[in-house]
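The next block holds one structure in the form of structure tokens; read it before the comments.
The values are calculated or read from the model by the stated rules, or taken from the named source; none is laboratory data. Nothing here was measured: the structure is a model prediction, and the numbers come from that model. Glycine gets a Cβ as well: all are built from the backbone with ideal geometry, and neighbour counts include every protein chain shown.
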Amino acid sequence: MEPRATPAWLTKPGFLAGLLSLLLFLVPLVPDVRLSRPKLLLLETGIYFLLFACAFHSLFVKKLKLRFSYILPPLLLYAAASLVFYFLSSDKPVALTELKRSLLSSCAFIVVSCLVSAQARNVVIYSMLGGSLLSFVYGVLQHSGGLWMIGVPKMDRVMSTFGNPIFFGVYIVTIIPVSAALFINSKRFFHIFLLAAALWALYLSKTRASFIALLFSAVVFILLNTGSAKKRIFLLAGMCVVFAGFSLYSKNIWFRQQEHLLIWRDTLMMWAHSPWIGTGPGTFHLYFPQFASAQLKAIWPQQQFIINDAHNEFIQYLAETGIIGFGIFIFLIFSFFKGALAVLNRNTGRDRVLVSGFIASAAGILVQNMFSVDMRFIVSSVYLFMIFGFIETFNNDYYELKIENTVLRNASVVALVALAIFAGQKILTPYIANRQISATSNFFDEKMLEPLKTVNELEKLAVQYPDKAVIFEKLGWVYSKEKNFERAIKNYNKAIELNPSSAGPYNNLGNIYFLLGDRDKAIALWQRSLAINPGQVDSRLNLAIAFYYNGQLKQASDEVKKVLEIDPKNSKALVLLKQMVE
């Protein structure tokens with residue numbers, strides 16, 4: 001019996017590169033909505049699907065092909081360190097987001113560097129630019145509210161489909177140098193139109209960090225592509241004059257209120273408290289309030305504003321992972337630029353110009369993240385690592401690992417299938433949780449079919465059995481449903497008087513006082529309820545929500561963590577964790 005032939009399409013990596021092209025075209029077009037995050041869902045599922053497809057392809061063709069790379073060893077160290085920090089964390093539900101970010105970013109590098117061949121490179125890049133152009137035009141239209149019969153939401157600071165102006169800004173900064181490099185190579189009108197739309201959209205986003213990042217990436221691009229010292233000086237001087245004029249024209253944007261210096265100072269105080277391993281990945285928003293100065297709290301009161309990021313990726317990484325984690329991250333960045341410059345020097349002509357464009361893009365992203373929170377928006381972090389991967393596609397030094405052992409290949413297939421199912425569950429869990437919460441009715445919004453009849457019957461029973469706490473508790477419940485809070489409170493208090501060891505009335509009273517705006521009383525009641533019955537999920541969630549609205553994020557996170565210990569798939573707890581950060 002002859003062995004079965006490998007399916008033809010599985011032997012063609014170009015098919016997977018085509019899927020990557022489609023993914024990069026669609027991502028800038030899909031909206032990003034707080035909590036539901038459809039853009040991130042598309043990117044996550046796309047990257048992991050391509051990663052597993054690439055792995056299955058290697059098993060079918062019986063060889064694993066990898067490029068020699070400066071960045072691959074530090075990248076694996078970075079991913080491994082993220083795993084170690086996660087397992088050492090005392091706040092694992094919070095640290096999970098950071099673990100997902102580092103793993104997804106690392107996988108994005110591997111997918112791009114493995115799938116994009118020299119022959120497929122332009123197709124993949126132009127697909128990314130095509131989707132980008134449409135998103136830039138949409139962003140410009142947001143400023144006016146549309147064009148002719150095309151209506152779009154009107155915004156003072158445009159954000160296109162990215163959910164926030166700064167996230168849109170960093171994406172524009174990522175695309176501009178690549179398109180500029182391709183324009184130098186091809187002189188196509190497409191790039192002029194794209195650059196004009198990108199620059200106009202960037203201005204309308206009013207993102208100062210993006211303006212600085214674009215200036216820096218332009219400096220990098222000029223330095224890498226200009227051999228003559230006189231020409232460099234002329235171009236850099238001209239660019240500085242243009243930027244100075246632009247800054248003067250947009251001075252109202254530059255003088256917008258921000259307290260970054262105070263946040264950075266207090267973040268460094270937070271780092272000094274735990275200098276070697278930090279407070280733990282993703283925990284900035286939990287621990288920062290205790291280090292925030294009175295000066296900062298006076299400007300941003302804790303119960304009104306949540307400072308959930310340091311507005312500087314490098315300082316925040318230092319505070320969360322200490323010198324050890326920060327050192328690994330800086331080693332990764334250093335290795336990237338060392339490898340990128342080596343690739344640049346090995347290439348000439350159009351390839352060299354395009355490599356310089358990718359280097360300038362990466363530099364722009366990193367500079368913007370000295371002033372904003374973009375890499376905490378996982379999409380931005382993924383694009384940085386994809387830029388790393390694109391540069392690796394210009395490196396043609398490979399090594400191959402033969403996979404000819406049948407037992408090993410079959411075992412690997414089984415392991416990959418199991419890992420793919422596990423990854424799929426982890427990816428979809430928070431999105432499913434959010435949909436479940438969206439579809440769930442609020443307790444106080446649900447109406448009874450015959451409330452008057454039910455109340456009359458219970459009132460009669462209360463007269464007949466005045467010492468039965470359960471009757472008064474039920475009456476409180478019915479009055480709560482009808483939003484007659486005065487009578488509900490009266491009956492719940494009577495139930496507590498008759499049976500002070502029952503947890504339910506305390507919890508329900510807490511719900512009412514929270515709805516009435518008395519958070520402190522609600523918190524005290526929920527804590528009393530939990531003292532009687534610590535296993536209550538609802539009371540813990542209620543308490544976590546109250547702490548969240550009070551700006552007490554560490555206490556809120558601790559309660560959510562206890563909920564997830566009882567019910568690991570609790571939708572409300574998973575959504576609240578996301579809400580704290582977003």
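The residues in the range 504-523 that are surrounded by 14 or more Cβ atoms within 10 Å (Cβ to Cβ), of a type in the set (A, V, I, L, M) and more than 17 Å from residue 563 (Cα to Cα) can be counted, and the count is 4. Consider residue 537 carefully, then state whether it is more than 19 Å from residue 492 (Cα to Cα), of a type in the set (A, V, I, L, M, F, W, C) and under 20 Å from the mean Cα position of the chain (by Cα). No: the conditions fail for residue 537.
For the range 93-122, the set of residues classified as more than 20 Å from residue 65 (Cβ to Cβ) and of a type in the set (A, V, I, L, M) consists of 94, 95, 96, 99, 103, 104, listed by residue number.
When the range 418-438 is filtered for residues that are more than 16 Å from residue 38 (Cα to Cα) and of a type in the set (Gly, Ala, Ser), the ones remaining, listed by number, are 418, 420, 423. Would you confirm whether any residue within the range 446-463 is at pLDDT below 90, loosely packed, with under 15 Cβ neighbours inside 10 Å, assigned by TED's automatic domain parsing to the domain that holds residue 172 and in a helix (DSSP H, G or I)? There is no residue in the range 446-463 that is at pLDDT below 90, loosely packed, with under 15 Cβ neighbours inside 10 Å, assigned by TED's automatic domain parsing to the domain that holds residue 172 and in a helix (DSSP H, G or I).
Among residues of the range 417-436 that are under 16 Å from residue 40 (Cβ atoms) and in the same structural domain as residue 34 (by TED's automatic domain parsing), none has a beta-carbon under 7 Å from a residue that is outside any helix (DSSP H, G or I) and of a type in the set (Gly, Ala, Ser) at least six positions away or on a different chain. Screening residue 76 against (1) surrounded by fewer than 17 Cβ atoms within 10 Å (Cβ to Cβ); (2) within 21 Å of residue 41 (Cβ to Cβ) leaves a single unmet condition, (2).
Just checking, which of 117, 89 is within 21 Å of residue 17 (Cβ to Cβ) and either at pLDDT below 95 or outside the structural domain of residue 563 (by TED's automatic domain parsing) (or both)?
From the options 117, 89, the qualifying one is 117.
All of (1) under 30 Å from residue 91 (Cβ atoms); (2) modelled with pLDDT of 95 or more; (3) β-branched (Val, Ile, Thr) hold for residue 378 with one exception: (2).
From the set of residues in the range 358-403 that are farther than 18 Å from residue 24 by Cα and either outside the structural domain of residue 267 (by TED's automatic domain parsing) or of a type in the set (D, E, K, R) (or both), which is nearest to the chain's Cα centre (by Cα)? Checking each candidate, the answer is 376. When residue 256 is tested against (1) over 25 Å from residue 166 (Cα atoms); (2) surrounded by fewer than 15 Cβ atoms within 10 Å (Cβ to Cβ), only condition (1) is not met.
All told, residue 336 meets the bar of being out of contact with any strand residue (DSSP E or B) (no Cβ under 7 Å at 6 or more places or on another chain), part of a helix (DSSP H, G or I) and crowded, with 24+ Cβ neighbours inside 10 Å. Any residue at all in the range 112-122 that's surrounded by fewer than 22 Cβ atoms within 10 Å (Cβ to Cβ) and touching a helix residue (DSSP H, G or I) at 6+ places or on another chain (Cβ under 6 Å)? Yes; the residues of the range 112-122 include at least one that is surrounded by fewer than 22 Cβ atoms within 10 Å (Cβ to Cβ) and touching a helix residue (DSSP H, G or I) at 6+ places or on another chain (Cβ under 6 Å).
Beta carbons closer than 7 Å, at least 6 apart along the sequence or on distinct chains, pair a first residue in the range 321-341 that is assigned by TED's automatic domain parsing to the domain that holds residue 77 with a second that is surrounded by fewer than 17 Cβ atoms within 10 Å (Cβ to Cβ) and part of a helix (DSSP H, G or I) for 328/77. Checking the structure you have, find out if any residue of the range 51-73 is without any contact (Cβ under 8 Å) to a residue 24 or more places away in the chain and aliphatic (A, V, I, L, M). Yes, because at least one residue in the range 51-73 is without any contact (Cβ under 8 Å) to a residue 24 or more places away in the chain and aliphatic (A, V, I, L, M). Looking across the range 216-253, the residues that are basic (Lys, Arg) and surrounded by fewer than 11 Cβ atoms within 10 Å (Cβ to Cβ) come down to 230, 251. Contact annotation: residue pairs with Cβ atoms under 7 Å, 6 or more positions apart or on different chains, pairing a residue in the range 404-415 that is assigned by TED's automatic domain parsing to the domain that holds residue 63 and surrounded by 11 or more Cβ atoms within 10 Å (Cβ to Cβ) with a partner that is assigned to a helix (DSSP H, G or I) and not β-branched (Val, Ile, Thr), are 409/59; 412/59; 413/59.
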